[in-house]
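Reviewing the structure listed below.
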Amino acid sequence: MKKIIIMALTAFAAYANAQNDGAIRLNQVGYLPQQEKIVVIDQVAPKKLSVVDQNGKVVAKPKVLRTVTSPWSGKKRTVVLVPGLTESGNYTFKCGKESMPFIVKEGALNDLSKAALKMFYLMRTAVPIERQYAGEYARPAGHPDNQVMIHPAAASRIRPGGSVISSPGGWYDAGDYNKYVVNSSFSIGMMLASYEQNKEYFEQLNVNIPESKNSTPDILDEMMFNLEWLLTMQDPSDGGVYHKLTDPNFDGFVMPSECHQQRYVVAKTTTAALDFAAVMAMAARIFEGNVDYPDFSVKAANAAVRAYLWAKDNPAVYYRQNQLNAQFEPKVFTGAYDDENATDEFFWAATELYLFTCNDNYRDEARKYQPASFARPVWGLVSALGVYEWMASEDEQMSEWAKNIVKPYCDQLVAGVAKSNFQSPCGDRKSDFGWGCLAEEFCAPALTLLFADKYIEPGKYRNYAQQNIDYVLGRNALGYCYVTGFGQKSPMHPHHRLSEADGITAPFPGMLVGGPNPMQQDKGSQLTYLSDFPDESYVDHMASYASNEIAINWNASLLAVVSWLDAIMK
């Protein structure tokens, strides 16, 4: 099994070297036998359409549904349905002289689900990444984080500035080598939200990590690696939580073992404390009675309560990096994760504490902070994670409230699919594109559609969730499968220090890049974007942090959706 997974990782990465610059846009990873199978023909007349098997025999006659025009470029596109093809196999979609592989198979998303989760193992800090688990991506340990200084912005009486703590473990956050409580907590929350709805599926999802032989599902083992780091980010004297563990400046594009800046924990914040409280309470409930981690649940629950109390006493302590840099040395120039509204964090934290403790005071707190409308989950707006919990809860009043705010969001989301360019809920509005859009505007709404499909109107929304993932996997304006190592055209040069510095041609497989970003904040001497159109503002270059970076929260969104689809779309 170990050899198979390592070989698969390498094979997917190598496969992605092939290019797809033709007119055919489709899900390059594969369609499930019973799934709707849509293909889009870009700027080419839909003539002589067919799907043939490996012997050249025609097995399906594609049907033209409509011709649409891009709202930005004016490009003409033809949306095509492939009907009746339910037998697994490797086929070819043909349009005139153009052709492209067309895959139909059971478990089409299974390898992608595994790779999306395995990415977190490859992002572990402070431990060697071993060849038996990582194949060619093995590397020595870096950033041990056992001599981390308290930054003056985080100083307290018990822990003055310059004192040293140990805070090892956790995941590198994104293309950089720092660790951020807000984003780590949100990422775990997204993945555990999917886990709780698909426990049987995840019990079988073995991705070959050091803990795979124990009795705990690999996804929970991987979450534990980061949860144990998060516990070290709480000040034991008052329950407050440091915002991040970081270098003062971003490291260069070198391997972690070659990085030697002094590391700091910086500032306690309300948002960090509340995200920490939420995910610790959630994990305390999920790990309660776990034989592999028998002491964790009590420890996490106590940490959650203390963090929440700190936040109640400090309800508006926000991370303001420029102000801190004006006051303290060393100045810090890494990711800010600044968010100056903690209402949503209070709601999520109170929700999780109630679900674990059954203390009505926390339910009252959750109702005090509950949102008036639904918004898709992103690191700076986490109320959706609480809404998901109430949807699935046995509390009839709160469950109905949650469903009532989610349904109009989902109905509005899917209303335009029949007229869309790529047969997907997202992708026809300029607002669908920007920093991290493939996760935040495609995967995150898809996760909401799956909750709606399960708890509001079974069978109605799951196909729409799949459509958004089809977009991410190749049915889009540029014909990219935006997950490294998968499909015929995928990113080869993500903004990711590990992949750039390791000397291996292919990047880690299973990483979702940020995606088209018309703001193009990184445009300059190193980068040239070939288009300013919102859905084409992407460049596969390591310097493109605006469109081609990877991040744990983005991968968490991808994993949450594709694993759920893999579990139910049989």
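The values are calculated or read from the model by the stated rules, or taken from the named source; none is laboratory data. Keep in mind the model is a prediction, meaning the values are calculated, not measured. Note: ideal-geometry Cβ built from the backbone for every residue, glycine included; neighbour counts use all protein chains shown. Note: accessible area is taken over every heavy atom of the protein model, side chains too, but ligands, DNA and RNA are not part of it. Shrake-Rupley method; radii C 1.70, N 1.55, O 1.52, S 1.80 Å.
Annotations for the structure displayed:
- Residues located in the stretch 299-334, provided they are over 30 Å from Gly289 (Cα atoms) and open to solvent by 80 Å² or more (accessible area, probe 1.4 Å): Asp313, Arg320, Asn322, Gln323, Ala326, Gln327, Glu329, Phe333
- Of residues in the stretch 162-172 being in contact (Cβ under 8 Å) with a residue 40 or more places away in the chain and part of a loop (DSSP other than H, G, I, E, B), the one farthest from Lys213 (Cα to Cα): Ser166
- Consider the stretch 247-277 and keep the residues that are in a helix (DSSP H, G or I) and in contact with a Gly (Cβ under 7 Å, 6 or more places away or on another chain). The one that is surrounded by the most Cβ atoms within 10 Å (Cβ to Cβ) is Ala273.
- Taking helices (runs of 4 or more DSSP H) as the structural unit, those lying wholly within the stretch 335-412 and holding at least 1 residues that are touching a Gly at 6+ places or on another chain (Cβ under 6 Å), of a type in the set (A, V, I, L, M, F, W, C) and surrounded by 21 or more Cβ atoms within 10 Å (Cβ to Cβ) correspond to 343-357, 383-392.
- When every residue of the stretch 468-476 is checked against the conditions, none turns out to be small (Gly, Ala, Ser) and either open to solvent by 10 Å² or more (accessible area, probe 1.4 Å) or not in a loop (DSSP other than H, G, I, E, B) (or both).
- Of all residues in the stretch 434-449, none satisfies being in a loop (DSSP other than H, G, I, E, B), open to solvent by less than 20 Å² (accessible area, probe 1.4 Å) and touching a strand residue (DSSP E or B) at 6+ places or on another chain (Cβ under 6 Å).
- Selected residue (only one of Asp344, Asp339 is over 17 Å from Met282 (Cβ atoms) and either at pLDDT below 95 or charged (D, E, K, R) (or both)): Asp339
- Boolean, Lys199 is under 23 Å from the mean Cα position of the chain (by Cα) and not acidic (Asp, Glu): yes
- Comparison of Glu211, Glu222 shows that the only residue that is part of a helix (DSSP H, G or I) and of a type in the set (D, E, K, R) is Glu222.
- Residue in the stretch 177-185 that is modelled with pLDDT of 95 or more, open to solvent by 10 Å² or more (accessible area, probe 1.4 Å), part of a loop (DSSP other than H, G, I, E, B) and not aliphatic (A, V, I, L, M) present: no
- The residues in the stretch 512-570 that are of a type in the set (Val, Ile, Thr), surrounded by fewer than 23 Cβ atoms within 10 Å (Cβ to Cβ) and touching a Gly at 6+ places or on another chain (Cβ under 8 Å) can be counted, and the count is 0.
- Hits in the stretch 483-510 (condition: touching a Cys at 6+ places or on another chain (Cβ under 8 Å) and either open to solvent by 10 Å² or more (accessible area, probe 1.4 Å) or outside any loop (DSSP other than H, G, I, E, B) (or both)): Gln488, Lys489
- Total residues in the stretch 523-532 satisfying the condition of being within 18 Å of Cys437 (Cα to Cα) and at pLDDT below 95: the figure is 1.
- Taken over the stretch 196-233, the residue count meeting the criterion of being open to solvent by less than 30 Å² (accessible area, probe 1.4 Å) and either in contact with a Ser or Thr (Cβ under 8 Å, 6 or more places away or on another chain) or of a type in the set (A, V, I, L, M, F, W, C) (or both) is 16.
- Restricting the first member to the stretch 258-286 and to residues that are at positive phi, and the second to residues that are open to solvent by less than 10 Å² (accessible area, probe 1.4 Å) and assigned to a loop (DSSP other than H, G, I, E, B), the beta-carbon pairs closer than 8 Å and six or more apart or on different chains are Ala267/His151; Ala267/Tyr319.
- Against the numbered list (1) open to solvent by 10 Å² or more (accessible area, probe 1.4 Å); (2) within 29 Å of Asn548 (Cβ to Cβ); (3) hydrophobic (A, V, I, L, M, F, W, C), Ile188 comes up short only at (1).
- Qualifying residue in the stretch 144-159 (condition: of a type in the set (Lys, Arg), farther than 30 Å from Val241 by Cβ, open to solvent by 10 Å² or more (accessible area, probe 1.4 Å) and not in a strand (DSSP E or B)): no
- For the stretch 278-310, the candidate set comprises residues that are of a type outside the set (A, V, I, L, M), part of a helix (DSSP H, G or I) and more than 26 Å from Gln147 (Cβ to Cβ); within that set, the residue that is nearest to the chain's Cα centre (by Cα) is Arg285.
- Residues located in the stretch 92-141, provided they are within 30 Å of Ser167 (Cβ to Cβ), open to solvent by 10 Å² or more (accessible area, probe 1.4 Å) and assigned to a loop (DSSP other than H, G, I, E, B): Ala126, Val127, Pro128, Glu130, Ala138, Pro140, Ala141
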